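One structure is given here, and the rest of the page talks about it.
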Amino acid sequence: MRWPARLGLAAIGALIIALAVVWFLHTHERVSETVDLPPRGEAAYNPLYALRETLRADGVEARSRQRLQLSGVPLAPRDTVLLYSEPRTLLPSEVDALLGWVDGGGHLLVRTPLPRRRADAARDWDLLERLGVHTVDGRTRCEPLLVTGQGGHVEFCNGRRFLVDEAPLLEWGDGAEDGLVFARLAHGAGTIDVLADFDFMRNADLREVPHALLTRQLLAPNWGAGTVHLVYAASVPPLWYQILTRGWMAWGPLLLALLAWLWMRTQRLGPVLPAPPVARRALLEHVAASGEHLVRYGRAPLLYDAVRGAFFDRLRRRDPLAAALDGEAGIEAVAARTGLSPRDVRLALQAPRPDDAKAFRQRIARLIQMRNNL
């Protein structure tokens, strides 16, 4: 092919590619899509992880832990403690220590417990009862939250409302009938905030502006004056759930291998075997007639040799050592094995004369007895 023809083909190919690129850019548009990945690490089990990082970004010292641990982490007079878990997790000694700390200027945030059996009420609600807080039984309802510039919000839909004995500093809800969802109580030099729940503080919900503003107002009493201690109850799924959902790449092949091994080891049933034929009298009569015919015509040694051979076959299977001996040693071994005297064994192993019918019958009977005794 000449050069002009090659250049023409190359130009046509380049034109086709350029047209394809133009068509692709004209019919397709590049867009960006944000995909929220599931939380990993501490954010997967700490529901207050986002709140702690937000506080640190605002210059407020914040710590989070699963348990209160007053002995290991002492509280300063102007600290803030947020108990994300239910009050039933507190021991009586911890309740006394917390109330004494609040009396010195601390700020405590607690929530009402979830509905539980009446038998557990004395232990679960000890802290709230000492504060004069009484939960309201009945159907819960949402409380509207209005923030300027934001859409309508509702909060505390799953929380348990409550009533207080003394007038609170601040309250939110209906203190007469349905109950309150928030109350700020004065306790000595400090304050205690009681809420129906803390769902709006969770990692996924704290990104909404109304939730962030509400959280900021709740932490206002000691804001910037001390450390904020976020005490949460770790919500780690049980081990069996973790293995079932995340360990399938390990137990799946093992399960398949186990099923394959069981399938290989399972007994397989083939077609039904036919019933064994029933012994017929005509066949036995035929065998007896054949033996009488051989004896009548002088062929008795053949029958004797057959019975003697059957005896030695079984002897070689049951006692190979006795079968391998010759002479008197073999006779002694066979006699000890069969329980007969050496004289009877010696006579049974000697072939009778063809014309001696009595000796033939005796030797045949003795060989059968010796064979059965093995």
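Since Leu25 meets every condition but one in (1) aliphatic (A, V, I, L, M); (2) closer than 16 Å to Asn222 by Cβ; (3) out of contact with any His (no Cβ under 8 Å at 6 or more places or on another chain), which condition does it not meet?
Only one criterion in (1) aliphatic (A, V, I, L, M); (2) closer than 16 Å to Asn222 by Cβ; (3) out of contact with any His (no Cβ under 8 Å at 6 or more places or on another chain) is unmet by Leu25, namely (2).
Here is a yes/no grid of residues against (1) of a type in the set (A, V, I, L, M, F, W, C); (2) surrounded by fewer than 18 Cβ atoms within 10 Å (Cβ to Cβ); (3) under 21 Å from Gly291 (Cα atoms); (4) free of Cβ contacts under 8 Å to residues at least 40 places away in the same chain:
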residue	(1), (2), (3), (4)
Leu315	yes, no, no, no
Val334	yes, no, no, yes
Ala348	yes, no, yes, yes
Ala357	yes, yes, yes, no
Ile364	yes, no, yes, no
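Could you list all residues from the stretch 210-260 that are of a type in the set (Gly, Ala, Ser), under 24 Å from Ala44 (Cα atoms) and touching a residue at least 60 places away in the same chain (Cβ under 8 Å)?
The answer is Ala212, Ala233, Ala234, Ser235.
Restricting to the stretch 58-95, name every residue that is part of a loop (DSSP other than H, G, I, E, B), at pLDDT 90 or above and surrounded by fewer than 20 Cβ atoms within 10 Å (Cβ to Cβ).
Residues satisfying the conditions are Asp58, Gly59, Val60, Glu61, Ala76, Pro77, Arg78.
Going by what's in this entry, would Ala275 be described as part of a helix (DSSP H, G or I), out of contact with any Asp or Glu (no Cβ under 6 Å at 6 or more places or on another chain) and not basic (Lys, Arg)?
Taking the combined requirement at face value, the residue does not satisfy it.
Which condition number does Tyr232 fail, the rest of (1) closer than 30 Å to Arg363 by Cβ; (2) among the hydroxyl-bearing types (Ser, Thr, Tyr); (3) at pLDDT 85 or above being met?
Just one mismatch for Tyr232, condition (1).
Considering only the stretch 154-163, I want to know if a residue exists there that is without any contact (Cβ under 8 Å) to a residue 12 or more places away in the chain, out of contact with any Cys (no Cβ under 9 Å at 6 or more places or on another chain) and under 20 Å from Pro113 (Cα atoms).
Within the stretch 154-163 (the criterion being without any contact (Cβ under 8 Å) to a residue 12 or more places away in the chain, out of contact with any Cys (no Cβ under 9 Å at 6 or more places or on another chain) and under 20 Å from Pro113 (Cα atoms)), the answer is no, since none of the residues qualifies.
Which number in (1) under 37 Å from the mean Cα position of the chain (by Cα); (2) more than 30 Å from Gly188 (Cα to Cα) marks the one condition that Leu83 misses?
Failed condition: (2).
If Pro4 satisfies every condition in (1) at pLDDT 85 or above; (2) exposed (fewer than 10 other Cβ atoms within 10 Å of the Cβ) but one, which is the exception?
Among (1) at pLDDT 85 or above; (2) exposed (fewer than 10 other Cβ atoms within 10 Å of the Cβ), the lone unmet condition for Pro4 is (1).
For the stretch 8-51, which residues satisfy the criterion of being touching a helix residue (DSSP H, G or I) at 6+ places or on another chain (Cβ under 8 Å) and either on the phi > 0 side of the Ramachandran plot or part of a helix (DSSP H, G or I) (or both)?
Those that are touching a helix residue (DSSP H, G or I) at 6+ places or on another chain (Cβ under 8 Å) and either on the phi > 0 side of the Ramachandran plot or part of a helix (DSSP H, G or I) (or both): Glu42, Ala43, Tyr49, Ala50, Leu51.
Could you pull out the residue among Arg67, Arg111 that is of a type in the set (D, E, K, R) and under 21 Å from Trp172 (Cα atoms)?
Residue meeting the stated conditions: Arg111.
Within the stretch 291-308, can you find the residues that are under 16 Å from Ala365 (Cα atoms) and surrounded by 11 or more Cβ atoms within 10 Å (Cβ to Cβ)?
Gly291, Val295, Ala300, Pro301, Leu302, Leu303, Tyr304, Asp305, Ala306, Val307, Arg308
The values are calculated or read from the model by the stated rules, or taken from the named source; none is laboratory data. These figures come from a predicted structure and were not determined experimentally. Neighbour counts are summed over all protein chains in view; Cβ atoms, including those assigned to glycine, are modelled from backbone coordinates with ideal geometry.
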